[in-house]
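The values are calculated or read from the model by the stated rules, or taken from the named source; none is laboratory data. For clarity, every value in this text was computed on a predicted model and none was experimentally measured. Don't worry about glycine lacking a Cβ; one is built from the backbone with ideal geometry, like all the others, and counts go over all protein chains shown.
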Amino acid sequence: MYGYSGKILHIDLTTRKTRVESKPEDWYKVYIGGVSMASRLCWENIEVGCDPLAPGNPICIAGGLFAGTSVPVGGKYGMASKSPLTGFIGDSLSGSWFSVALKRAGWDGIVVHGASDEWVSVFVDDDKVEFRNAAPLLGKGTSETEEAIIEEFGDDQVRSASIGPAGEHLVRLANVSNDGRKAGRTGQGAVWGSKKLKALSIRGTHGVRVADPETLLKISYDVMKAAQGPYTQKYRILGTSSNVLNMNKLGLLPTRNYQAGTFEDAELVSGEYLHEHYKAKTIACAQCPIACEQVGHVKEGPYAGAMGHIEYESLYALGPNCGLNDMAAVIKAITNCNEFGLDTMSTGVTISWAMETYERGIFTKEDFKCEKYPDGFEANFGNSEAVVTLTEMIAHREGYMGDLLAEGTRRASARVDQERGTETFKWAMNVKGLEAPGYDARGLKTFALGMAVGVRGGCHNRSAAYDPDIQGEVDRFSVDDTRGEVARETEEYAAVYDTLPICKFIRRCFTGKADRSGAWPAIAQLINATTGWNLEYKDIDLIGERAHTIKKAFNIREGWTRKDDALPYRWHHEPMTLGASAGHVVTKEELEYMKDLYYKAKGWTPDGLIPKEKLIALGMDDVAAEIGV
Amino acid sequence: MRVHVEFLGLARLATGLKELELDLENGATFRDMVRTLGTQYPALIGNVIQPDGETLQHPNRLNHNAKRIVQAHQMDERPSDGDRIIVMSISAGG
């Protein structure tokens, strides 16, 4: 087999034993890699119905088909487990040298089972596995942990994925970090913490065997050249953070916990402002010629020394959505999240829920007591120190508020409403328990559907349905009978990239056209040159459909029903008040109508279940036997 | 006719301006407007505006009154006096 080793490594932390599983080539043809393979491994290895923080929930890591090859932006891996936030599939991606090391060590994937009694770090040295005492690493931040491991081995080719204090404290917003990048969403870090797994390190010394190195190198070179030209210029110069002003102008920028879509001080927390005043450098993921990540550095003031990786989603969540207009404080809050191992998006949205709850008089200053502020603090919108302090409290579950917010908006609001007889769920901005992204769905009707039906919840990466809305390909303020198909197409398009996985920012660099006709033939060539297969255009479509289907199947088996495809109360009941999207909501009737269209477009039943014959046609016979109807 | 033009992202970096008032001939189209901008701010050519001087380079877009993106096939439509045009470069992800 080319491009794959054919081997999955299973590591049991309870017994400290390992085993090797061989997979046939046909299995790889269906699941490929990234989030699809990781989700399939989760399907095969989870104890169905288990608590996400129980030993029966495996950590499933799947490498990238192109990791360790010449293919640009192919240095990514996928990770999946049952999400501690949603109770459904939690899948995440990260661009990382960890992915390259995994491949070079001769593994297509790793499944971590069980739970350790003591804190442990696991070292995979090609085909050897060592369990190491992780006690010296406890409490360390994510970059500090990686540096300590490199120092311990005296080898910077030992690549690690690790959790910070947030994961150690089972914070449901915790992520997994590698090379400064994150497998960021759905609370994977808490799953690692529940197993007392602080770090997984890999050293790989083998090459990656591909079927047609000459062709692969030629296509890679052409794509790499294009990736350094105008198609990616914006990413290189400003990164995604330039979306702050774009979304503000469109009335879509989540502001003060999604109470508005326009922030009066957006300029002060924009990508353009970052570029002019705080940008230290740009960095790149593994195998990436684009280098989109903007690093912000605070040189003076109370947050001097903060240095964080700044993306749009981090900026909206911890900036305008918390009412902050102080870029230095936002960089500090992002830096804290990066080092503590917290998802910036879920953390920011959870803090903004607490701030609104405070401003409505339900929380008081005393609820915010902590070691730094023994009498508590005012948690009104715009209070920079409150946001920065809350990131610290959440990561360590410090005090009443730290422990509460560590649960995320859905659980925190349910607890408060039960204890105090309130209705804070009305401003708990999550979808299926995962905090919402930086695009207010009230002004993006197709994306409202894409997010509601999304298998991992409040996410902008798995459904790309905001793109046709924002680009004006459809009317973003209204609903029509095309939207089910548009949502299906955009999520399956995104799933192709997430499965290989390659970064979506490369999508225009194959031919200049980002759509299927522009990208699929080149992607098929890359896959064929790597594996020796003979995939065609239609097969690339199938990659996306299968990836999405296995995740949906996982959710169905865990108890998903149609009513889970829902949106936050606010988006249904409170019209936008300011800006270009003012006056709009997504009515429940609109959403239910679009869900009908979407399920039909997917070939599913009106209840959103998957027919057996559909699953069999996708090569998922065993899945059909379990959940097909 | 006068339109209000705002520059975001790459357009702002190229021009060094956040916004300006742009005078156009009565009946001017969006294409005419882009041509005028390219003439007045040559740094936009190759960065934001295609070398042809009259169409935008991906991922730059014209937004009309914050309500709609002017599509390639709509470049011969006409803005009205007092309209707000945003030159923006939209990207996904983050």
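Side notes on the structure shown:
- A:Val244 surrounded by 24 or more Cβ atoms within 10 Å (Cβ to Cβ), within 12 Å of another protein chain (Cβ to nearest Cβ), at pLDDT 95 or above and not in a loop (DSSP other than H, G, I, E, B): yes
- Residue in the range A:434-447 that is modelled with pLDDT under 95 and among the β-branched types (Val, Ile, Thr) present: no
- Residues of the range A:295-309 that turn out to be out of contact with any Asp or Glu (no Cβ under 8 Å at 6 or more places or on another chain) and part of a strand (DSSP E or B), as a count: 5
- Any hit, the range A:601-619, residues being within 28 Å of the chain's Cα centre (by Cα), surrounded by fewer than 16 Cβ atoms within 10 Å (Cβ to Cβ) and either assigned to a helix (DSSP H, G or I) or at pLDDT below 95 (or both): no
- For the range A:220-236, a tally of residues being under 25 Å from the mean Cα position of the chain (by Cα), more than 7 Å from chain B (Cβ to nearest Cβ) and within 14 Å of B:Val48 (Cα to Cα) returns 1.
- Hey, A:Lys249 touching a strand residue (DSSP E or B) at 6+ places or on another chain (Cβ under 7 Å), more than 30 Å from A:Gly3 (Cβ to Cβ) and within 14 Å of chain B (Cβ to nearest Cβ) or not: yes
- Of all residues making up the range A:252-273, the number that are in a loop (DSSP other than H, G, I, E, B), over 21 Å from the mean Cα position of the chain (by Cα) and within 11 Å of chain B (Cβ to nearest Cβ): 3
Quick grid of which residues meet (1) in a loop (DSSP other than H, G, I, E, B); (2) within 26 Å of A:Ile283 (Cα to Cα):
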| site | (1), (2) |
| --- | --- |
| A:Tyr316 | no, yes |
| A:Ala329 | no, yes |
| A:Ala333 | no, yes |
| A:Glu356 | no, no |
| A:Gly361 | yes, no |
| A:Phe381 | yes, no |
| A:Val387 | no, no |
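- On the stretch given as the range A:586-600, residues that are more than 26 Å from the chain's Cα centre (by Cα) and not in a helix (DSSP H, G or I) total 1.
- Criterion applied to A:Gly472, A:Gly544, A:Gly512 was being surrounded by 22 or more Cβ atoms within 10 Å (Cβ to Cβ) and small (Gly, Ala, Ser), and the one residue passing it is A:Gly544.
- In the range B:57-75, the residues that are more than 8 Å from chain A (Cβ to nearest Cβ), part of a loop (DSSP other than H, G, I, E, B) and over 13 Å from the mean Cα position of the chain (by Cα): none
- Pairs, first over 14 Å from A:Leu200 (Cα atoms) in the range A:125-142, second of a type in the set (Asp, Glu) and surrounded by 20 or more Cβ atoms within 10 Å (Cβ to Cβ), C-beta under 6 Å, six or more apart: A:Gly141/A:Glu339
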